[in-house]
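Below is one structure, written out as structure tokens; the observations come after it.
The values are calculated or read from the model by the stated rules, or taken from the named source; none is laboratory data. The shown structure was predicted, so the numbers you read here are calculated from the model rather than taken from an experiment. All Cβ positions, even for glycine, are placed from backbone atoms using ideal geometry, and neighbour counts span all protein chains on display. To get the accessible areas, we keep the full protein, side chains included, count just its heavy atoms, and leave off ligands, DNA and RNA. Shrake-Rupley method; radii C 1.70, N 1.55, O 1.52, S 1.80 Å.
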Amino acid sequence: MAKTLIIGGGGFIGAQVARALAVRGDSVDILDDFSRAVRDPFLHEIENMKGVGLIDADILDPATSTLLGSDYTFIYQFAAIVGVRHVLERPYEVLHKNVLIQAKAIELAKQQKKLDRFIFASTSEVYSGSLKHTSMPIPTPEYVPIALTDLESPRTSYMLSKIYGEAMCLQSDLPFTVVRPHNVYGPRMGLVHVLPELIKKVSILPRMGQLEVASIDHCRAFCFIDDAVEIFRRLACHPKAAGGTFNLGNQEKEVTIGEVARIVLKVSGRMDLEIVPLPETQGSPFRRCPDMTKTINLIGCLPLVSLEEGIQRTYKWYADNILSNKEVSAI
């Protein structure tokens, strides 16, 4: 039986990966300091599953290593400061702390006796400089040269921390897999991303009100959390994914943020609202869509959840759990 450690496992993707592995019968330890994640009913449900342990600790605390074993088969590294708002407000902390977390995670991985794979969750943001400075194709394959955005831009800090994290994997002598998620969404993703922000706005607007939407013409390819978790799991287990870098996402349907807003209005029953464009969000790329050829050819996994179904399921979860004030959301 595989034993897995999920660093940052209390967060959006990490908790869902933990649940999926526990359902399969794996032994899973979730490590999180809950500086952003919350111990909500969803996480409590996972914690009570057979073979699951939850460790409330900061990976940067030297004492944390004494709480962990050396017999993990897989280590998933999801821990990082994320979210555009956080990045813009505290760029130095994002750059500095994300690199420290990655260094500690790799150190921990090197202490394992029989590690099969260290899985690092990078980001689609690594392509931002390439989009700006090169004739980068969209959908974007993994092999495009990585260029940098303006180092003075606060938003660059997050991208740099993830590029550095990828480089650390490459030089670590670990059996690693780098995964670059593209616009993963779903229940429990916090409130600082475009979809939950739209859902929250729709819930409080009066009848015949105006829904203000930034970057309305910008295009994204969204991937529902269930599909993302399956891709993560298959890449972690596939022997030919070791030492590789892979996109994670859904290239089948690229949509504008305006279209996403219209679907939110439809599933929420708020077609009385008028969508009003706002200026573009500073630093937001006009298009982002992964070329999934490399990933699909290796693991044979296609996204199954349509955008409308995924938004409907996401809206229902927020309506039932957050907008009703029953639970506290991640920040």
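A compact table of results
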| read-out | value |
| --- | --- |
| Residue among T177, T245 that alone is open to solvent by 10 Å² or more (accessible area, probe 1.4 Å) and among the polar types (S, T, N, Q) | T245 |
| Subset of region 207-219 (residues that are out of contact with any helix residue (DSSP H, G or I) (no Cβ under 7 Å at 6 or more places or on another chain) and either among the polar types (S, T, N, Q) or part of a strand (DSSP E or B) (or both)) | Q210, E212, C219 |
| Matching residues, region 52-86, being open to solvent by less than 40 Å² (accessible area, probe 1.4 Å) and over 24 Å from V178 (Cα atoms) | V52, G53, L54, I55, A57, T64 |
| Hey, K113 under 25 Å from D61 (Cβ atoms), in contact with a Leu (Cβ under 9 Å, 6 or more places away or on another chain) and surrounded by fewer than 23 Cβ atoms within 10 Å (Cβ to Cβ) or not | no |
| Residue tally, condition more than 30 Å from D291 (Cβ to Cβ) and open to solvent by less than 80 Å² (accessible area, probe 1.4 Å), over region 302-316 | 0 |
| Region 265-276 residues that are touching a residue at least 60 places away in the same chain (Cβ under 8 Å) and over 13 Å from S203 (Cβ atoms), paired with ones that are part of a strand (DSSP E or B) and open to solvent by 30 Å² or more (accessible area, probe 1.4 Å) (beta carbon under 9 Å, 6 or more apart) | E274/Q210; I275/Q210; I275/E212; V276/Q210; V276/E212 |
| Criterion violated by N183 - all others in (1) in contact with a Lys or Arg (Cβ under 7 Å, 6 or more places away or on another chain); (2) closer than 17 Å to G83 by Cβ; (3) open to solvent by less than 30 Å² (accessible area, probe 1.4 Å); (4) not basic (K, R) satisfied | (3) |
| Of residues in region 86-103 being more than 15 Å from the chain's Cα centre (by Cα) and more than 30 Å from R234 (Cα to Cα), the one modelled with the lowest pLDDT | L88 |
| Residue tally, condition within 17 Å of A37 (Cβ to Cβ), outside any helix (DSSP H, G or I) and among the aliphatic types (A, V, I, L, M), over region 75-123 | 5 |
| Tabulated pairs, region 37-54, first assigned to a loop (DSSP other than H, G, I, E, B), second basic (K, R) and open to solvent by less than 80 Å² (accessible area, probe 1.4 Å), C-beta under 8 angstrom, 6+ apart or interchain | D40/R188 |
| Filter result (within 15 Å of Y72 (Cβ to Cβ) and touching a residue at least 40 places away in the same chain (Cβ under 8 Å)) within region 9-30 | G9, G14, V17, L21, D29 |
| Any chance S128 is closer than 25 Å to P303 by Cβ, buried (at least 19 other Cβ atoms within 10 Å of the Cβ) and either small (G, A, S) or over 19 Å from the mean Cα position of the chain (by Cα) (or both) | yes |
| Identity of the residue in region 1-34, over 16 Å from the mean Cα position of the chain (by Cα), small (G, A, S) and in a loop (DSSP other than H, G, I, E, B), that ends up nearest to F120 (Cα to Cα) | A2 |
| Residue in region 34-47 that is of a type in the set (G, A, S), open to solvent by 30 Å² or more (accessible area, probe 1.4 Å) and modelled with pLDDT of 95 or more present | no |
| Region 197-225: number of residues that are on the phi > 0 side of the Ramachandran plot and open to solvent by less than 40 Å² (accessible area, probe 1.4 Å) | 1 |
| Region 131-159, subset among the aliphatic types (A, V, I, L, M) and open to solvent by 60 Å² or more (accessible area, probe 1.4 Å), residue farthest from T281 (Cα to Cα) | I146 |
| Criterion violated by V305 - all others in (1) within 19 Å of the chain's Cα centre (by Cα); (2) more than 19 Å from V144 (Cβ to Cβ); (3) modelled with pLDDT under 95 satisfied | (3) |
